[in-house]
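**Student:** First the structure, which I've put down as structure tokens, then a few questions once you've had a look.
Computed from the coordinates by the stated procedures, all read-outs in this text should not be read as laboratory data. Keep in mind that this is a model prediction, so the values were computed, not measured. When we count neighbours, we look across all protein chains shown, and the Cβ atoms used for this are built from the backbone with ideal geometry, even at glycine.
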Amino acid sequence: MKDIEYFDKLWQDSKPKDGMVHNKETWDRKAKNWKSDSKETRERKIRQVDALIDFLLKNAVLESSFDVLDLGCGSGKYAVKMAEYVKSVTCSDISPIMLEYCKENAKEAGLKNIRFQEADFLTQSVLELQWEKKFDFVFTSLTPAVDSLKSIEKIEQITRKWAFNSSFVYLKDSLKDEICINVFEKELVSSWGNSSPYSIWNILWHKGRFPKIDYYEDESEEKYELSLETAEQIAESIIRDRDPNEEEINRVYKYLEKRYGNAPFVRKTEAMYAWILWQID
């Protein structure tokens, strides 16, 4: 019989075996790329934010009286938009560098109802964080802070009413696949376990919740010029557990140079996200 423990184990077993450790040092290191988004990436993120905020508004979870927690907020792209509709948003992240980017974005938007709190949700207790039933809505999107039955239970200790998670059903990246196979001679390891939406939904069902699920699909093409910086960005997206070394970056650069010469080359991505929303009371 498939019970709640079965789906928690399925979730754990589907986690990527890429050696990445989710701690402050890792995400501080990765935060530097958040500042170098291309025009195409910025446009894609705007589409995603607009679609997701529309979903939340249609489901009446961004009420003007609500206190909201964005857990694993990153640069705050969702938090800043949610803050336009609710009483307050608390942005929490394990990375202080990410939180600095989030503060910059909040300041640029001229919003005064956003707070910031550095936290390691995986290791700190709800009591230690002083979050017990503190928020009307807990929002999570593509964050390793939500990685198990235990994390779901902690979220339900925090929220008074609503909770939400966005995670990948799949993510395809043509250029990363090409580099993995031809430079590193291995298949690309997904950074996100494909079983997470399935596991989350079933865990919630077994807990007596009635989770609503919707899907968002996105395709994008991004043009790159040959440079060492581009080679480094691609290598960083493949080598997850550390910074790529000079030899690895040069291997990527030389492959791109041989394959494309000085002509621009295209990176195509296809993604499907599962949006899961559930009510506590």
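**Student:** Using the Kirkwood radius over Cα pairs, work out the Stokes-Einstein diffusion coefficient for the chain at 37 °C and 0.692 mPa s, in µm²/s as a whole number. Let's see the in-between values first.
**Tutor:** On the way: Rh = 19.9 Å.
Roughly 165 µm²/s, to the nearest whole number.
**Student:** Take the alpha carbon gyration tensor of region 59-133, find the square roots of its eigenvalues, order them as a ≥ b ≥ c, and report rounded if a/c is under 1.5; if not, report prolate when a/b exceeds b/c, else oblate. Please report the intermediate quantities before stating the final value.
**Tutor:** Details: a/c = 2.18, a/b = 1.17, b/c = 1.85.
Oblate shape, in that a/c is at least 1.5 and b/c is the bigger or equal ratio.
**Student:** Considering only Cα-Cα distances, which of the following residue pairs are longer than 30 Å: LYS186/LYS268; LYS15/LYS268; LYS154/LYS223; LYS45/LYS207?
**Tutor:** Details: LYS186/LYS268 19 Å; LYS15/LYS268 24 Å; LYS154/LYS223 41 Å; LYS45/LYS207 33 Å.
In this structure, LYS154/LYS223; LYS45/LYS207 lie more than 30 Å apart at Cα.
**Student:** Follow-up. Which aspartates and glutamates have a Cα less than 17 Å from the Cα of LYS150, not counting those fewer than 8 places away in the same chain?
**Tutor:** ASP3, GLU5, ASP8, ASP13, ASP120, GLU128, GLU132
**Student:** Something else about it: Quick one: if you stick a label point 7 Å off each Cα along the C-beta vector at LYS107 and TYR216, how many nm between them?
**Tutor:** Output for this residue pair reads 2.7 nm.
**Student:** Mind checking which aspartates and glutamates have their C-alpha under 14 Å from LYS103, skipping anything on the same chain fewer than 8 residues away?
**Tutor:** ASP70, ASP93, GLU118
**Student:** Could you tell me which Cys residues in the chain have no other cysteine's Cβ under 4.7 Å from their own Cβ, answering none if every one has a partner?
**Tutor:** Singleton cysteines: CYS102, CYS180.
**Student:** In a Gaussian network model over the chain where Cα atoms closer than 10 Å are linked, find which of GLN130, GLN48, GLN117 has the largest mean-square fluctuation.
**Tutor:** Most flexible of the set in this elastic network: GLN130.
**Student:** Treating only the Cβ of Lys, Arg, Asp and Glu as charged (+1, +1, -1, -1), what charge dipole size does the chain show about its Cα centre? Round to the nearest 20 debye.
**Tutor:** Details: 43 positive and 51 negative charges, 105 e Å.
Once rounded to the nearest 20, the dipole reads 500 debye.
**Student:** Something else now. For a label point 7 angstrom out from the Cα of ARG240 toward its Cβ, which stretches of region 157-175 have the backbone nitrogen within less than 20 Å?
**Tutor:** Hits in region 157-175 for ARG240 at 20 Å: 165-175.
**Student:** Below 18 Å, Cα to Cα, which aspartates and glutamates can LYS9 reach? Residues fewer than 8 away in the same chain don't count.
**Tutor:** Those aspartates and glutamates meeting the cut-off are ASP147, GLU153.
**Student:** Report the one residue of ASN182, GLY261, SER64 whose Cα lies farthest in the direction of the positive end of the charge dipole of the chain (charges on C-beta: Lys and Arg +1, Asp and Glu -1; origin at the Cα centre).
**Tutor:** With unit charges placed on the Cβ atoms, the residue in question is SER64.
**Student:** Using Cα springs under 10 Å in a Gaussian network model of the chain, which residue among LEU129, LEU99, LEU142 shows the largest mean-square fluctuation?
**Tutor:** LEU129
**Student:** Using a simple charge model, +1 on the beta-carbon of Lys and Arg, -1 on the beta-carbon of Asp and Glu, nothing else, what dipole does region 127-281 show about its Cα centre, in debye to the nearest 20? If you can, show how the numbers build up before the last one.
**Tutor:** On the way: 21 positive and 29 negative charges, 136 e Å.
With only Lys, Arg, Asp and Glu charged at Cβ, the dipole is about 660 debye.
**Student:** What residue among LYS176, LYS150, LYS77 has the largest mean-square fluctuation in a Gaussian network model of the chain, using Cα springs under 10 Å?
**Tutor:** Maximum fluctuation in the GNM of the chain, among the listed residues, is at LYS150.
**Student:** By how many degrees, between 0 and 90 and to the nearest 10, does the Cα long axis of helix 228-238 differ from the longest principal axis of the chain?
**Tutor:** Taking the Cα atoms of the chain, the angle to 228-238 is about 50 degrees.
**Student:** Now a separate question. Roughly speaking, what is the centre-to-centre gap between region 234-276 and region 159-230 when only Cα atoms are used, to the nearest Å?
**Tutor:** A separation of 17 Å, based on Cα centres.
**Student:** Stretch TYR85-GLU225 to full length: gain in nm at 0.36 nm per residue minus the Cα-Cα span?
**Tutor:** Values: separation 140, 0.36 × 140 = 50.40 nm, distance 3.98 nm.
Separation in residues times 0.36 nm, less the Cα-Cα distance, equals 46.4 nm.
**Student:** Among DSSP bridges having both ends in the chain, what percentage is antiparallel? Round to the nearest 5.
**Tutor:** Values: 24 of 44 bridges.
Bridges in the chain that DSSP calls antiparallel: roughly 55 percent.
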